[in-house]
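Quick note: the coordinates plus some simple rules give every number you see, no bench work behind them. Because the structure is predicted, anything quoted here is derived from the model rather than measured. Note that we place each Cβ from the backbone using ideal geometry, even for glycine, and neighbour counts take in every protein chain shown.
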Amino acid sequence: MPIVPATPEAIAQAARALARGEIVAFPTETVYGLGANALDGAAVVKIFAAKKRPRFNPLIVHVPGPAEAETYAVFNETALKLAEAFWPGPLSLVLKQRAGCPIADLVTAGLDTIALRAPAHPVARAILAEVRLPIAAPSANRSGRVSPTTAAHVASELDDAPAMILDGGPCQLGIESTVVSLVGATPALLRLGATPRRDIEELLGHPLAVAKADSPIASPGQLATHYAPDTKLRLGATGVDPNEALLAFGKDVPEGARLTVNLSESGNLQEAAAKLFGALRTLDRSGASTIAVMPIPDHDLGEAINDRLRRAACGDTSRRASDQT
Ligand code: AMP
Ligand code: MG
């Protein structure tokens with residue numbers, strides 16, 4: 001398995017692999033990404049093949065900052081304001097493409113919009129600085145499954161599909177970027193994520209519109225079943241059965257579960273977000289009949305955590321076959 005520590009040499013090697021049209025997994029502050037040169041359709045198609053991702057699900061393009069982003073997308077005042085406040089960081093902006101935008105159609109699923117983000121993780125930034133290409137990068141997991149927050153998670157999901165898996169340790173935030181569309185009249189929240197909705201609304205001075213699940217601009221990441229382990233989830237658990245595994249939160253944890261993982265004993269939502277996907281993987285392997293999930297406060301990052309848990313809890317495995325990433 002090509003897991004390599006993200007040394008400067010390995011980063012240079014990864015940049016060369018990307019420039020050659022290969023796919024490379026690398027850490028970002030949200031989750032591990034599976035990257036390809038966004039200008040090269042033949043490279044991007046490898047991402048879809050490795051993830052078994054439906055082709056109509058567009059990818060986020062990673063760039064160093066607003067200057068590069070503006071070469072592909074039309075930035076209005078709101079876009080600049082949000083990029084200035086939250087980049088580099090876990091906010092993806094959906095914008096109108098510039099005329100003649102050279103990004104491969106497969107990246108944008110043939111839409112006239114593009115999702116852009118400047119990641120904050122030093123390894124992701126070093127790759128972007130070295131490769132000098134826009135990098136399309138969804139999460140480095142099989143479509144519909146739990147996102148990877150360590151290099152080992154990537155290896156267990158994608159085998160040897162990536163040319164390299166750069167190991168930069170566990171992801172600091174552990175939950176995907178917030179996706180905001182600036183294409184309509186009002187900025188719209190397409191996906192809850194690691195930038196809390198409230199922070200964005202405070203900056204804008206008004207609430208975000210929320211895209212309906214069936215609207216054409218809705219992010220596929222908003223689909224009902226997503227981020228799903230094999231074991232079914234029982235949300236809002238206040239007690240636990242001996243056959244169940246328990247995803248706990250806070251101090252007052254019911255006893256008697258087959259296996260318990262506490263997202264944060266002190267009730268810290270940031271810590272909980274960072275541990276969420278790893279905890280789901282651990283509990284999924286416990287052999288429990290069900291993963292019972294304690295209630296998690298629905299504010300700040302708790303909103304995105306509850307969003308992922310609802311999607312993980314929804315639907316059976318057969319429905320997941322048609323899932324998005
Ligand atoms: P992932 O790559 O798995 O983190 O998911 C990327 C998210 O961004 C998905 O929910 C995509 O649907 C969304 N996205 C990417 N590009 C666009 C776009 N042009 N318009 C709307 N949503 C987008
Ligand atoms: Mg994903």
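The table below lists the values:
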| read-out | value |
| --- | --- |
| Taking Cys171, Cys314 and counting other C-beta atoms within 10 Å, the order from fewest to most | Cys314, Cys171 |
| Neighbourhood charge, 13 Å Cβ-Cβ cut-off, centred on Leu18 and excluding it, Lys, Arg +1 and Asp, Glu -1 | +1 |
| Longest site-free stretch - the chain; sites: GluC sites (Glu not before Pro), DSSP loop, at most 14 other Cβ within 10 Å | 1-254 |
| Equivalent ellipsoid, region 1-69 (semi-axes from 5 times Cα gyration tensor eigenvalues, Å) | 19, 16, 13 |
| Fraction of beta bridges assigned by DSSP in the chain that are antiparallel (%, nearest 5) | 40 |
| Over region 39-136, equivalent-ellipsoid semi-axes from the Cα gyration tensor in Å | 21, 16, 12 |
| Span-like helix ranges in the chain, DSSP H, alpha carbon extent 30 angstrom or more, Kyte mean at least 1.6 | none |
| For the chain, calculated [θ]222 nm from helices alone, where every DSSP H run of n ≥ 4 adds -39500 (n - 2.57) | -8500 deg cm²/dmol |
| Gaussian network model of the chain, Cα within-10 Å springs - most flexible of Arg310, Arg132, Arg281 | Arg132 |
| Neighbourhood net charge (11 Å Cβ-Cβ; Lys/Arg +1, Asp/Glu -1) for Leu111 | -1 |
| Quotient of C-alpha Rg and 2.2 N^0.38 Å, computed over region 222-314 | 0.96 |
| Mean projection area, nm², convex hull over Cα of the chain | 15.3 |
| Selected from Pro196, Pro119, Pro102 as most flexible by GNM, with the chain as the system and alpha-carbon contacts under 10 Å | Pro102 |
